[in-house]
Amino acid sequence: MLQGKRILLIVAGGIAAFKALELIRRLRERGAAVRCILTEAGTRFVTPLSLQALSEDRVYTDMFSLTDESEMGHIQLSRDADLLVVVPATANILARMAGGLADDLAATVLLATDKPVLAAPAMNVRMWTHAATVANVETLKKRGVTFIGPNDGAMACNEHGPGRMSEPAEIAAAIESMLAANRPLAGKRALVTSGPTREAIDPVRYISNHSSGKQGHAIAAALARLGAEVTLVSGPVAVADPPEVRVVRVDSADQMLAACLAAGRVDVAVCAAAVADWKVTRTAGAKIKKKAGALPPALELAANPDILATLSKPGAKRPALVVGFAAETEDLVANAIAKRGRKGCDWIVANDVSPAIGTFGGERNTVHLVSAAGVENWPTLTKDEVAGRLAARMALHLAGPRSAEAAE
Ligand code: C5P
């Protein structure tokens, strides 16, 4: 399905433009968000109002509209999409794409995009078989544009042959398979913990740590990009919620554990949260008063539940892959190896959090991946890059024992 996917539909001027309306309906039914660009010629075949009503989004037509550019620049239009689809791909728009023209909003977005493009050609059979069109299609294929159709059959111009645009159901299926190709974790469920926990002393004071949540949030985002259905259980952080991830906000370790267990069965669990080791045994119901001459209150601490160890316990509900983090300031790798055994998880991602390294709150991370196969030392990467690599490795591992062995 296309849940959470964003498709930018470019509707050009051909009689088959009416099929774009049916396509929007089918894409929306599958959970995709659809936004439309309508070319000037396209407005002769379908109205912006029809596209707007079906997509439930505004329709973009004019490159020089100041309001359009201030609200949504043409670069942003393509950045916001997972896939661009040209329906119908007329001989004219294919020629403009092949020539690299940027003479209207549609052509400009197609030139500016780095997203995959699917084109559904529709034109008179002679136009489709014309050497110019043949060459343009060849050029565009070499540049990575994917084509669907055209089909053979009767056409509006009373001719017969190749040139009929593919049916909306066929185009929707092509869109699904294009977007699924990069989604090896489609159908898998993932749980990620992130950020610090806060252990209340009283209603205004707490014990916590410096975790920013950047690494955990980046992992949740990377898993979602690969198609996993992700629940992110996060302590209090300032980083934004990752897109297409279900976020459950918690404060304490007890709440974090409860939220993890409530997430149900998952295929992979990544415990990146810096869970406070101790909580205050008796949280005061009211703010503890500072009294002149009195001794400071003694805080009695109790151990927090170990979420990673709990999720790692053998049993039918254990995720196929459980990954923990080891934040250490000394003997990093040796500690991580010992921790992997102690916690019962499959992998430990070890990172040095000495103040000199600045991992907490920073953008970069130098990690070591400790698994049954041994220790891998990764180069210093951004937290997003670490997340991307980890997610790719998790996908490989979950794909099956053979591919996992090859990687480990
Ligand atoms: O024991 P330590 O805190 O060093 O272990 C770190 C790993 O264990 C991290 O993956 C962290 O998210 C997880 N952890 C946990 N619950 C705790 C303590 C740590 O999930 N109470």
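The values are calculated or read from the model by the stated rules, or taken from the named source; none is laboratory data. This one's a predicted model, so the numbers in the text were calculated from it and none came from an experiment. Methodologically, a virtual Cβ is constructed for each residue, glycine included, from the backbone with ideal geometry; neighbour enumeration extends over all protein chains shown. Heavy atoms of the whole protein, side chains included, go into the accessibility calculation; ligands, DNA and RNA do not. Shrake-Rupley method; radii C 1.70, N 1.55, O 1.52, S 1.80 Å.
Which aspartates and glutamates, on any chain, are close to LYS289 with Cα under 18 Å apart, when same-chain ones fewer than 8 places away are left out?
ASP202, GLU300
For the chain, rounded, prolate or oblate, judged on the Cα gyration tensor with a ≥ b ≥ c (square roots of eigenvalues), a/c < 1.5 rounded, else prolate if a/b > b/c?
Here the chain falls in the prolate category.
Shape verdict for the stretch 1-109, please, from the Cα gyration tensor: rounded (a/c under 1.5), prolate (a/b greater than b/c) or oblate.
rounded
So who's got an amide H within less than 5 Å of the one on ALA119, skipping anything under 5 residues away but keeping other chains? H placed 1.01 Å off N, in plane.
VAL86, THR146, PHE147, ILE148
What is the dipole size for the stretch 77-222, taken about its Cα centre, with +1 at each Lys and Arg Cβ and -1 at each Asp and Glu Cβ, in debye to the nearest 20?
480
Can you order the peptides 45-54, 124-133, 227-236, 320-329 by their average number of other Cβ atoms within 10 Å per residue, highest first?
227-236, 320-329, 45-54, 124-133
Please compare each pair in LYS313/LYS343; LYS313/LYS339; LYS214/LYS383; LYS115/LYS383 to a cut-off of 19 Å on the Cα-Cα distance and tell me which ones are over it.
LYS115/LYS383
Explain nothing, just the number: dipole magnitude of the chain about its Cα centre with +1 on each Lys and Arg Cβ and -1 on each Asp and Glu Cβ, in debye rounded to the nearest 20.
With Lys and Arg at +1 and Asp and Glu at -1, about 1060 debye.
Using a probe radius of 1.4 Å on heavy atoms only, what accessible surface per residue do you get for the stretch 189-407? Whole Å² is fine.
Accessible surface, normalised per residue, equals 50 Å².
Show which aspartates and glutamates lie in cross-link reach of LYS317 when reach means a straight Cα distance below 13 angstrom and same-chain residues fewer than eight apart are skipped.
ASP267
Contact order normalised by length for the chain, with contacts defined as Cα pairs under 8 Å and 6 or more residues apart; what percent is it?
11
When ligands, DNA and RNA are left out and all protein chains stay put, how many square angstrom of accessible area per residue does the stretch 13-159 have with a 1.4 Å probe?
For the stretch 13-159, the solvent-accessible area averages 47 Å² per residue.
Rounded to the nearest 20 debye, what is the charge dipole size of the stretch 189-407 about its Cα centre when +1 sits on each Lys and Arg Cβ and -1 on each Asp and Glu Cβ?
Roughly 620 debye for the stretch 189-407.
Using a 1.4 Å probe over the heavy atoms of the protein chains, calculate the carbon and sulfur portion of the accessible area of the chain as a whole percent.
The computed percentage sits at 54.
How would the stretch 189-407 be classified by its alpha-carbon gyration tensor: rounded, prolate or oblate, with rounded meaning a/c under 1.5 and the a/b versus b/c comparison settling the rest?
Judged from the Cα gyration tensor, the stretch 189-407 comes out prolate (a/c at least 1.5, a/b above b/c).
Under 5 Å between amide H atoms, partner at least 5 residues away or on a different chain: which partners does ALA32 have, H built in plane at 1.01 Å?
Result for ALA32 returns LEU2.
Amide H neighbours of CYS157 under 5 Å, at least 5 residues apart or on other chains, H built in the peptide plane: list them.
Under 5 Å from the amide H of CYS157 lies no amide H from a residue far enough along the sequence or on another chain.
Over the Cα atoms of the stretch 6-179, what is the Rg over Rh ratio if Rh follows Kirkwood?
Result: Rg/Rh = 0.94.
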